[in-house]
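Read through the structure below, which is laid out as structure tokens, and then see the notes.
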Amino acid sequence: VMQSRAGLIVSKFEAARLLTYRVVDQRVHRIPDASEANLCRVAALEAVEDLMDFLVQYVPDCLTGGNTVLEDYYRINIPAGITGGTNELQLDIVARRALGMPSST
Amino acid sequence: MNFQLTEEQSALVGAIQTILQDHSDIPQSARVNSFWFDVKLQSLLADNGYLNAGREFGPLEAALLVIEAARIPAVVEVAASALVAPRVLGDVQIESPVAIIVGHQLSRPHRNLPIARTALVDLGDDIAVVPVKADNVESVASILAYPYGRFIRVPELRGALRLRGQGSKLRHWWRVALAAECAGAARAAIALIVDHVKQRHVFGHPVAKFQSVQHRLVQCHMMANSVHYLSLRAAWSGLAYDADVAACYAQHHVKKIVVDLHQFAGAMGVTNEFPLHLWTYRLRALQTESGGPIESALDVARNRWNAEEPPRQTAASTDTRTEVI
């Protein structure tokens, strides 16, 4: 179970990495950004939240002095869905710009 | 890594889009079926050389075609013929359409078997290439949106062409193909539902105006985009690790995409008249193939941490050894 969860988390980070590279590629080619940067934030948050949950479930000692790198990773990412525009803002922007949804009620 | 298609790739995608556009509808008489196999389109793609894209261009171009073909409501078999077969067969020519079958489950129903002319049978280490005779296959009714069928008499594998040591390569490219097919089907299904929620009104507003709906559809959109690029990366790199990642991500997220899209289609979404099932029940079929999400996730983990480095199995490698046993 632990290995399959770890494999899934890796695949989520790979997805977020690829969507982020795509944003960089768009900048390099001077392609106007529809909302790809917002979309890669959404993908990254899903991966980060899964990894934080994994750390707590399978290596909880890392949060009590067992591993400072992992503890720092956890602490830094506690506000990952808030900083730089909340996850809800990212979702709103993509809904509007990429999917052509109307302003929400 | 280059995210922009070359001129040649753009032309290839544009050309198949033009053909698919003419086949983007299904006949009225087939509207309530769980799937519709477009025989004419299958022949058209074969006759015009699209199923040879994997040989004439490469796996990335073949994956682009798989994604495009998965976006139409009708079923055509492109993934196994154009993407998988050229990678594992080398110069061996076979008749399409192609079904991919797990060797120790020969008597079970198999996807695409009723339309297949050739089956690639995964025997673990090896592959058996088995011609499929129509009179030896019986169709099996299923809610899954592909033709399913089982052999009436289980084929004799001893006389079949056997590709030694190609089993892992078959499973590798099967994963790339199923991820690409998931990407196309998911994108088409999401487009259908985005359009639906913009037009359907509840409580005096279009459904699309509700933030709870918007956010879940954006998450589906993100997942479909991720599968799209992960599958193309896997086709481009030829690495088994990339194939495992693409399949793992695709198969894991099928549940979320299928559940949310049917939720936002409301009662219409549980009827066969509404075409959503033609894509979502393809996704459900693909979700369990080539080991399913658990096995692909385990392979990602094994590749990532147990192996010294990801296997360098390149797309160009076609060192196929063949023999008849």
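Compute the helix-to-body angle for B:211-237: its Cα long axis versus the longest principal axis of chain B, expressed 0 to 90° and rounded to tens.
20
When only alpha-carbon atoms are used, what values of Rg and Dmax, in angstrom, describe the protein assembly as shown?
When restricted to Cα atoms, the protein assembly as shown yields Rg and Dmax of 22.0, 69 Å.
What's the local net charge at A:Asn67, with K and R +1, D and E -1, over the other residues with C-beta under 15 Å away?
Working: positive: A:Arg75; negative: A:Asp61, A:Glu71, A:Asp72.
That works out to -2.
Picking from B:Ala46, B:Ala183, B:Ala30, which is most flexible by a Gaussian network model of chain B using Cα springs under 10 Å?
B:Ala30
Using θ = phi - 60° and the Karplus form 6.51 cos²θ - 1.76 cosθ + 1.60, what ³J(HN,Hα) does each residue of region B:286-302 get, whole Hz, x for Gly and Pro?
My calculation for region B:286-302 gives 6, 4, 9, 7, 6, x, x, x, 5, 5, 5, 5, 5, 5, 4, 5, 5 Hz in order.
Among rounded, prolate and oblate, which fits region B:76-164 when a ≥ b ≥ c are the square roots of the eigenvalues of its C-alpha gyration tensor, a/c under 1.5 means rounded, and a/b larger than b/c means prolate?
Taking the square roots of the gyration eigenvalues as a ≥ b ≥ c, region B:76-164 is oblate.
Order of B:224-236, A:51-63 by packing, highest average Cβ count within 10 Å first?
Per-residue Cβ counts within 10 Å, averaged per peptide and sorted highest first, yield B:224-236, A:51-63.
Going by Cα centres, region B:21-60 and region A:17-44 are how many Å apart?
32
Each residue of region A:58-65 in turn: what ³J(HN,Hα) in whole Hz from Karplus with 6.51, -1.76, 1.60 and θ = phi - 60°, glycine and Pro shown as x?
Listing the rounded values in order: 10, 10, x, 4, 5, 8, 10, x Hz.
How high is the FRET efficiency from B:Thr271 to B:Gln211, r the C-beta distance, R0 25 Å, rounded to 0.05?
With a Förster radius of 25 Å, E is 0.40.
Partner chain Cβ atoms within 10 Å, averaged over the residues of B:290-299 - can you pull that number for me? List each step's numbers first, then the result.
Numbers: counts 0, 0, 0, 4, 6, 2, 4, 9, 5, 3.
Neighbouring Cβ atoms belonging to other protein chains average 3 per residue here.
Hey, what number do you get for the protein assembly as shown at 222 nm if only DSSP H runs of n ≥ 4 count, each worth -39500 (n - 2.57), divided across all residues, to the nearest 500? Write down the numbers at each step before the final one.
Values: 14 runs with 223 residues, N = 430.
Result for the protein assembly as shown: -17000 deg cm²/dmol, rounded to the nearest 500.
Across the residues of B:207-216, average count of Cβ atoms on other protein chains within 10 Å?
5
Pick from B:Ile190, B:Ile115, B:Ile26: which residue has the top mean-square fluctuation in a GNM of chain B where Cα pairs under 10 Å get a spring?
Answer for the Gaussian network model of chain B: B:Ile26.
What angle, in degrees between 0 and 90 and rounded to the nearest 10, separates the Cα long axis of helix B:59-69 from the longest principal axis of the Cα atoms of chain B?
Tilt of helix B:59-69: around 40 degrees.
Take the alpha carbon gyration tensor of region B:1-156, find the square roots of its eigenvalues, order them as a ≥ b ≥ c, and report rounded if a/c is under 1.5; if not, report prolate when a/b exceeds b/c, else oblate.
In terms of gyration-tensor shape, oblate.
Lysines within cross-link reach of A:Lys12: Cα-Cα under 30 Å, excluding same-chain residues under 8 positions apart?
In chain and number order, the partners are B:Lys169, B:Lys198, B:Lys209, B:Lys255, B:Lys256.
Taking chain B as a Gaussian network, Cα atoms linked when under 10 Å apart, which of B:Gly266, B:Gly165, B:Gly149 shows the biggest mean-square fluctuation?
Among B:Gly266, B:Gly165, B:Gly149, the largest GNM mean-square fluctuation belongs to B:Gly266.
Each residue of region B:152-159 in turn: what ³J(HN,Hα) in whole Hz from Karplus with 6.51, -1.76, 1.60 and θ = phi - 60°, glycine and Pro shown as x?
6, 10, 4, x, 7, 8, 5, x
Determine the shielding of peptide B:250-259 by partner chains: average, over its residues, the number of Cβ atoms on other chains within 10 angstrom of each Cβ.
1
May I ask for the net charge around B:Pro275, where only other residues with Cβ less than 11 Å from the Cβ of B:Pro275 are counted and Lys, Arg are +1 while Asp, Glu are -1?
Net of charged neighbours comes to -1.
In region B:262-290, whose amide N lies under 14 Å from the spot 7 Å out along Cα-to-Cβ of B:Val32? List them in ranges.
Under cut-off, by backbone N: B:271-274.
Each reported figure results from applying straightforward, stated rules to the coordinates on display, with no laboratory input. Keep in mind that this is a model prediction, so the values were computed, not measured. In this analysis, Cβ positions are derived from the backbone assuming ideal geometry, glycine residues included, and neighbour counts consider all displayed protein chains.
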